[in-house]
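A.B. asks: Got a structure for you, written out below as structure tokens; questions coming shortly.
The values are calculated or read from the model by the stated rules, or taken from the named source; none is laboratory data. The model shown is predicted, which means the values in this text are computed figures rather than measured ones. Here Cβ is always computed from backbone atoms with ideal geometry, including for glycine, and neighbour counts include all displayed protein chains.
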């Protein structure tokens, strides 16, 4: 098989508050729902592979709404944050101004003058794949959503090429600037979209987006729906997979247990994904994907029988597959009834062949 630089096409993932709150747990799923993903780039020239984000499915996510991820969210919506605001419900205004006139909460630094839900979540997501320098970044402000949180491994049907769902309602906190990167600052600009406010990067994203251990900070001055904020996170250490080995021809009986080893670093969230791929380009394929949320301690054994469904379409030579590890660190801040999260994720992958 080719090495981990093999081209890999997968959903274009705009991570939102991904396994931020999963804390080393795997995606929740009933085992029957098919995940969906948007079109995207590949490992060598675009997209953001392997990352567990989105809304309704096991992994993926995209810039227009949650689609196939279990933990986290996406740039425009999805299940992203476990907090539900101030616990009082309501649609527009949680607090009252002087003289009893209701006004929305805006937080410090201005903002909050327009009608809005009682609580919002600002999500700034930075992702990289150091093996083939490629990065992506997204920002969104949406309402909170409930986050599933199950430990262990889950097998889910996924189609990485399915159309993305409609975008969730977006809100405006003014321009968002991210600093501490390996290159120039990123400035997300708010603009009207089909469903509220959409954040975009006029200048694009540099290839090597952050260095290991860098202090990454996102700041906003405040806008009509949400006040100003500042939130920071320490960038995670790059992932180095030592088992399975990154070499041509390594095979694994799909019915056996698979031991995965890496350089443990104690991050808040670590997700192992095993997914079917094509040969020789290793584009992710529709089928059964296995997701294991585990502690970032350097070793995990995927139980025997777990990978059998991944190899359901294996031919005489087996089923080409990818073993990927995504490490995520999260920074959180509170602005009145609102929450802000910045996540930084890094992913590595090795190819294997699953034999029935």
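Let's see how each residue does on (1) surrounded by 17 or more Cβ atoms within 10 Å (Cβ to Cβ); (2) at pLDDT below 95; (3) under 21 Å from the mean Cα position of the chain (by Cα); (4) more than 30 Å from residue 120 (Cα to Cα):
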{"position": "231", "(1), (2), (3), (4)": "yes, no, yes, no"}
{"position": "239", "(1), (2), (3), (4)": "yes, no, yes, yes"}
{"position": "268", "(1), (2), (3), (4)": "yes, yes, yes, no"}
{"position": "288", "(1), (2), (3), (4)": "yes, no, yes, yes"}
{"position": "315", "(1), (2), (3), (4)": "no, yes, no, yes"}
{"position": "324", "(1), (2), (3), (4)": "yes, no, yes, yes"}
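A.B. asks: When you look at residue 332, is it crowded, with 21+ Cβ neighbours inside 10 Å, under 30 Å from residue 140 (Cβ atoms), under 19 Å from the mean Cα position of the chain (by Cα) and modelled with pLDDT of 95 or more, yes or no?
C.D. replies: Considered against the rule, which asks whether it is crowded, with 21+ Cβ neighbours inside 10 Å, under 30 Å from residue 140 (Cβ atoms), under 19 Å from the mean Cα position of the chain (by Cα) and modelled with pLDDT of 95 or more, residue 332 comes out as no.
A.B. asks: Would you mind telling me which numbered condition in (1) surrounded by fewer than 21 Cβ atoms within 10 Å (Cβ to Cβ); (2) touching a residue at least 12 places away in the same chain (Cβ under 8 Å) residue 191 fails?
C.D. replies: Failing condition for residue 191: (2).
A.B. asks: For residues that are surrounded by fewer than 16 Cβ atoms within 10 Å (Cβ to Cβ), within 28 Å of the chain's Cα centre (by Cα) and in a loop (DSSP other than H, G, I, E, B), tally how many sit in the range 248-263.
C.D. replies: 2
A.B. asks: Can you tell which of 148, 130, 144, 117 is at pLDDT 90 or above, closer than 27 Å to residue 272 by Cα and assigned to a loop (DSSP other than H, G, I, E, B)?
C.D. replies: None of the others qualify; the one that does is 144.
A.B. asks: Here's a follow-up. Could we say that residue 275 is closer than 30 Å to residue 338 by Cα, in contact (Cβ under 8 Å) with a residue 24 or more places away in the chain and either in a strand (DSSP E or B) or over 17 Å from the mean Cα position of the chain (by Cα) (or both) here?
C.D. replies: No; evaluated as a whole, the condition is false for this residue.
A.B. asks: Just checking, which of 213, 223, 203 is assigned to a loop (DSSP other than H, G, I, E, B) and surrounded by 18 or more Cβ atoms within 10 Å (Cβ to Cβ)?
C.D. replies: 223
A.B. asks: Provide a single number: the residues in the range 165-191 that are part of a loop (DSSP other than H, G, I, E, B) and either touching a helix residue (DSSP H, G or I) at 6+ places or on another chain (Cβ under 9 Å) or under 23 Å from residue 342 (Cβ atoms) (or both).
C.D. replies: So the count comes out to 14.
A.B. asks: Six or more apart or on different chains, Cβ atoms under 9 Å: show the pairs whose first residue is in the range 290-307 and without any contact (Cβ under 8 Å) to a residue 60 or more places away in the chain and on the phi > 0 side of the Ramachandran plot and whose second is outside any strand (DSSP E or B) and surrounded by fewer than 21 Cβ atoms within 10 Å (Cβ to Cβ).
C.D. replies: 298/263; 298/264; 298/265; 305/255; 305/256; 305/257
A.B. asks: Can you tell me which residue among 337, 304 is more than 21 Å from the chain's Cα centre (by Cα) and within 30 Å of residue 222 (Cα to Cα)?
C.D. replies: 337
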